[in-house]
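Below is one structure, written out as C-alpha cells; comments come after it.
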Amino acid sequence: MAADGGHHPEHAPRFAERAPDALNNPQLRRNFRRAMDGLMAKRAAQFPDPAYWAELRARGAAVKARALAKLPDLLERLETNLTANGVQVHWAETTEEANAIVLGILQQAGARTVIKGKSMVSEEMHLNAHLERHGITAVESDLGEYIIQLAGETPSHIVMPCIHKNKAEISDLFAEKIPDQPRTDDVDELTAAARRVLRERFANADAGISGVNFAVAETGTLVLIENEGNGRLSTTLPPLHIAVTGIEKVVEFLDDVPPLLALLTRSATGQPITTYVNMISGPRKAGEKDGPTAVHLVLLDAGRSRVYQDVELADTLRCIRCAACMNHCPVYTRVGGHTYNAIYPGPIGKILTPQLQGLDAAGDQPHASTLCNACAEVCPVKIPIPDLLVRLRREAVRPTETPATHLPVVKDGGAERSWKESLVWAGWRLVYTRPLLYRMVTRALAWGGNWVPASAPLMRDWTKARARPRFKPRTLHDLARERGYLNEVPK
Amino acid sequence: MTAATPPTVTAPAKPDTVYFFGTCLVDMLYPEAGLAGMDLLRHAGVRVIFPEGQSCCGQPARNSGYMEEARAVARAQLDAFPGDIPIVVPSGSCAGMMKTHYPHLFEGDPDQPRAIAFAARVHELTAFLVNVLGVTLEDKGAPVTVTWHPSCHSLREMGVVEEPKALLRQLANVTLVENKRERECCGFGGTFAVRQAAVSTAMVSDKLASVRETGAGTLLSGDCGCLMNIGGHAEKVGDGTRCRHIAEFLMERCHGG
C-alpha cells in the first residue's frame, strides 16, 4: 500500500514529516523520556493493588458512561441548577462563538486584564490571542502555562504544559523575560520569581478565567482541581469569573465526583489528591466578604455533539483529561506534544483531533500509533483508544454515514482514500481468501521474494533501519506436509 | 467439620487434537518457528492438524481500516478451521486479532456467531503449553543467557505475561534476565514501521539498546513481527544479538531441533 494515504500538498506538514525534528533533538528526547518515566512510576505507585484499580476504573467508566447516556438531559439540569445558584450559563456551538461570548462579558464589565487558570478548552479556542486582538491582556497563572506563555509556545502536554523544557531552559527564559531576574539553577528561586510576577497580576486582574474538571448537574457545582492555588485565586480574587468547558464534562451527581477525582489525580500526577479541590457554586452572596460578584460558564460544543452521534466514537467523550495515555505512549514519549500540531496530543489527541477538526486536517493522526494498547491499559475511564484509532482509520478510507443526515459520521470522511491503497487491499483479499492462489503466490515469493529490489516501495522504508526480511525456500505449508502433519481431522 | 479425605478433583481432560494456525508471516519468513511450535505440541502428546486452507488472520487490513477485506480473509479462516477443537497460534498478535477482534469485526454479519465461537477456541502457543498442556521441559543445551520480549498484543490483548518465562525457567542451563523496558513497544506496528518510519526507527533503536543493557546475547519472543523488526535492526546496525522465536529455541534445547 502507499506509505502515505495520498498527496496533501495543501496541508501543513503531516505527522510523519514533523516527527524527525523532535526525534533529532537529543535534549527534547531526554526531557520527555525522563519526565514520562517519572510520571509512569508515580502512577504505578498509586495503584499497587490491581483489584482496587480494576474496581475504581470500572466505577469511573460507569459514571462517565451514565453521564453521556443522559447528556442532553444533564446539560439542561446543569443549566437550571447553575442558574438557580446565580451562575450565568452560555452555550457556544463553535470556538468562535465561545470567544465572542467571553469577549462580550469582559467588555461589558470593562475588564482590561485577565488572570487565567489552566484550561485546555481555552487553548482550543485560542482565547488569549483573541482577547489580545481586542486589547485585553490575559496572563496564564499555572506555572507551566506561564512559562510557555513567556516563551510564546503552546502546551506540549495537557496536564504539564511545559514538560518539554528542563530547568536550564526555564532559567534562561526567565533571565531573558523577567526584569532583574538572574540565571539560577535553584528551582525554588525560579518558582519564587514567577510567584512575584503573578501575585501582582492576581491582585490587579479585572477578571479570572478558568477551566472546569467536572460540572455537577444535580447541584450546579463546578469542580476545579489544581496544585498551585492559582486556580483558587483566579476564581475568587477578581470580581468576575468566567469558566469555560466542553459539554462532555457534565456528571450527574455530586457522589459521582469522588471516584473520578481519585482516578484523575492518581492517573495524572500520581497524587492521591491535589492540593486544591475547588467547588464553585455561585457568585458572592449578600453578606459574604469575598468571591467574584459575577460567575459565568461557557459550555462549548465545537464538534463534540457530532462525536456523540456515533455510539462507538462517543466513548471518546468519557475522557477526564488525565494524560495517562500520553505519559505511557511510546510514540508521544519520543516525539513530544508539539509534533502532533494539535491542542490535544498523544493517544487521546489522535482520536479527538480528527473528530473535532475533521479527517482532512488530521486524518494522518490515527496512523501515528503502533496499536500497542499501552494507552488503553492505563485509561481510568476505559476508553478503547486503539479500537477507536482503527475506527478512524476506517472512516478515513471508507466513511460511514449518519443515517439521519447522510453526512459522514466523521467530518471529511474518506479524506485519506487512495486508489493505490484500495487496489493493494483488493489484491490482498483475492489472494488470502483463495487457498490455491495463496499457495501459488507464497511459493512464488519463496522462490523470488528475495530478489525484490531494496528500492521497491515499502522495502525502501523498511530497509533504512533494518535488514530486509528473508523469504524461506519452503513455506510452513510445505514443511507441515513434509513432516506428516495432517491437513484435516481424520473422519 | 473437617472432611476425612480431600474432595476428588479431576484435572480437565487435555485435548488430544489441536489445530495450528501458522500466521502468514511465519508461513513465508519464519516457517522453522511455526514448525517448532507444531513439534512442541506433538512432543507434548497432542495430535496437530495444519489446515492447508489457512492464510492470514486479517489484521493488516483491519488495522489499515479496510474492514471488508479483513472480514473476507477472516471468514476464510472460519471456514478453514471447522469443528470445536482448540486453535493454537505461535503469535500473540495474530491470536489477539482472532480472539479479541473477530467478534466485533463480524458485527451485523450472519457469521458473527461463528466468529465468536472461533474466537473462544484461540490460544497463544506458550500459554497453551503451560496452562492447558502443563508441559515439562528437559534442557539438553549448553548454558546460555537470554532475555524475553513480550509483544504488546500478547501482553495486553492475550494477557500472556508469565507463561513464556515459566517455560524458560524450566530450562536448567538457561539464565533469563529481564529487560527493564520489556513492556514497551518495539515500534513494529505493522504498516506503522513504514508509514512512520522515523518514529519506528527511534523506537526499535531504543528497544535494542535496552536489550543490550541486559547483557543477554539472545532475545526471545513469541511474535515474528517484533523479531523481524528488532532482529532486522540489530542486523542492520551490526549488533550481534540473536533474535529468535521461543518455539524454535525450546525445540532446539529440549528435543534437538
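Sequence neighbours fewer than 8 away in the same chain don't count; with that in mind, list the lysines whose C-alpha is under 29 Å from A:LYS472.
A:LYS420, A:LYS464, B:LYS99, B:LYS140, B:LYS165, B:LYS207, B:LYS236
Which trypsin sites (Lys or Arg not before Pro) in the stretch A:226-307 sit in a loop by DSSP (not H, G, I, E or B) and have at most 15 other Cβ atoms within 10 Å of their own Cβ? Provide the component values of the computation, followed by the final result.
Numbers: sites: A:ARG232, A:LYS249, A:ARG266, A:ARG284, A:LYS285, A:LYS289, A:ARG304, A:ARG306; in loops: A:ARG284, A:LYS285, A:LYS289.
Qualifying residues, ordered by number: A:LYS285, A:LYS289.
Can you find, among A:LEU143, A:GLY220, A:ASN99, the residue farthest towards the positive end of the dipole of the stretch A:47-302? Put +1 on the C-beta of Lys and Arg, -1 on that of Asp and Glu.
About the Cα centre, the residue reaching furthest to the positive side is A:GLY220.
Once a ≥ b ≥ c are taken as the square roots of the eigenvalues of the Cα gyration tensor of chain B, is the result rounded (a/c under 1.5), prolate (a/b larger than b/c) or oblate (a/b not larger than b/c)? Intermediate results must be reported in sequence, preceding the final value.
Numbers: a/c = 1.74, a/b = 1.05, b/c = 1.65.
Since a/c reaches 1.5 but b/c is at least a/b, the shape of chain B is classed as oblate.
Simple spin-label model, 7 Å along Cα-to-Cβ: A:ALA58 to A:THR154 in nm?
Going by the 7 Å Cα→Cβ label model, 4.0 nm.
Note the angle between two axes, namely the Cα long axis of helix A:71-84 and the longest principal axis of the Cα atoms of chain A, as a number of degrees from 0 to 90, rounded to the nearest 10.
Taking the Cα atoms of chain A, the angle to A:71-84 is about 10 degrees.
Can you pull out the cysteines in chain A that have no other Cys Cβ under 4.7 Å?
Cysteines of chain A left without a disulfide-compatible partner: A:CYS162, A:CYS319, A:CYS322, A:CYS329, A:CYS379.
Averaged over B:42-54, how many beta carbons belonging to a partner chain fall within 10 Å of each residue's beta carbon?
On the way: counts 3, 0, 0, 0, 0, 4, 4, 7, 10, 8, 11, 9, 5.
For this peptide, the per-residue mean of nearby foreign Cβ atoms is 5.
Give me a single rounded figure for B:78-89: the average over its residues of other chain Cβ atoms within 10 Å of their Cβ.
On the way: counts 0, 2, 3, 1, 2, 2, 0, 1, 0, 0, 0, 0.
Partner Cβ neighbours, averaged per residue: 1.
Rounding to the nearest 20 debye, state how big the charge dipole of the protein assembly as shown is about its Cα centre with +1 on each Lys and Arg Cβ and -1 on each Asp and Glu Cβ. Intermediate values should be presented prior to the final figure.
Numbers: 83 positive and 84 negative charges, 325 e Å.
Dipole magnitude for the protein assembly as shown comes out near 1560 debye.
Per residue of A:326-336, count partner chain C-beta atoms within 10 Å of its C-beta, then hand back the mean as an integer.
Working: counts 0, 0, 2, 1, 13, 9, 0, 4, 9, 4, 0.
For peptide A:326-336, the averaged partner shielding equals 4.
Over 27 Å between C-alpha atoms is what I'm after, so list which of A:LYS116/A:LYS167; A:LYS249/B:LYS180; A:LYS42/A:LYS167 land there. Intermediate values should be presented prior to the final figure.
On the way: A:LYS116/A:LYS167 23 Å; A:LYS249/B:LYS180 37 Å; A:LYS42/A:LYS167 20 Å.
As for pairs spanning more than 27 Å Cα to Cα, those are A:LYS249/B:LYS180.
Residue separation times 0.36 nm, minus the C-alpha to C-alpha distance between A:GLN27 and A:ALA41: what's the value?
Values: separation 14, 0.36 × 14 = 5.04 nm, distance 2.13 nm.
That works out to 2.9 nm of additional length.
Which of A:THR370, A:THR80 has the fewest other C-beta atoms within 10 Å, and how do the rest follow up to the most?
Values: A:THR370 26, A:THR80 13.
Going from least to most buried by this count: A:THR80, A:THR370.
Residue farthest toward the positive end of the dipole of chain A, with Cβ of Lys/Arg at +1 and Asp/Glu at -1: which of A:ILE115, A:LEU458, A:ALA302?
Farthest towards the positive end: A:LEU458.
In nanometres, what is the gap between the two model label sites at B:ALA166 and A:ALA286, each 7 Å from Cα along Cα-to-Cβ?
Modelled inter-label distance: 7.2 nm.
According to a simple spin-label model (label point 7 Å from Cα along Cα-to-Cβ), what is the distance in nm between A:ALA454 and B:SER205?
1.8
Let me know the shape class of chain A, please: from the alpha-carbon gyration tensor, a ≥ b ≥ c as square roots of the eigenvalues, rounded when a/c is under 1.5, otherwise prolate if a/b is greater than b/c, or oblate.
Taking the square roots of the gyration eigenvalues as a ≥ b ≥ c, chain A is prolate.
How would the stretch A:47-302 be classified by its alpha-carbon gyration tensor: rounded, prolate or oblate, with rounded meaning a/c under 1.5 and the a/b versus b/c comparison settling the rest? Before the final figure, lay out each step's value.
On the way: a/c = 1.82, a/b = 1.21, b/c = 1.51.
Taking the square roots of the gyration eigenvalues as a ≥ b ≥ c, the stretch A:47-302 is oblate.
Provide the percentage of antiparallel DSSP beta bridges, counting only those with both residues in the protein assembly as shown; round to the nearest 5. Intermediate results must be reported in sequence, preceding the final value.
Details: 9 of 55 bridges.
Percentage antiparallel, nearest 5: 15.
Run the numbers on chain B and let me know its relative contact order in percent, using alpha-carbon pairs under 8 Å that are six or more apart.
On the way: 418 pairs, mean separation 49.0, N = 257.
So the answer I get is 19 percent.
Using a simple charge model, +1 on the beta-carbon of Lys and Arg, -1 on the beta-carbon of Asp and Glu, nothing else, what dipole does the stretch B:135-255 show about its Cα centre, in debye to the nearest 20? Walk me through the numbers on the way to the answer.
Working: 14 positive and 15 negative charges, 42 e Å.
That gives the stretch B:135-255 a dipole magnitude of about 200 debye.
Between A:ARG321 and A:THR463, what length in nm is gained on full extension when 0.36 nm per residue of separation is reduced by their alpha carbon distance?
Result: 47.3 nm gained on full extension.
Can you tell me the relative contact order of chain A? Whole percent, Cα pairs under 8 Å, sequence separation 6 or more.
Values: 806 pairs, mean separation 93.1, N = 491.
Over chain A, the number comes to 19 percent.
Which order do A:MET459, B:MET158 fall in if you start with the one that has the fewest other Cβ atoms within 10 Å?
Details: A:MET459 15, B:MET158 25.
In order of increasing Cβ crowding within 10 Å: A:MET459, B:MET158.
Quick note: the coordinates plus some simple rules give every number you see, no bench work behind them. A quick note: this is a predicted structure, and the numbers were derived from the prediction, not measured. As a convention, Cβ positions derive from the backbone with ideal geometry for all residues, glycine included, and neighbour counts pool all protein chains shown.
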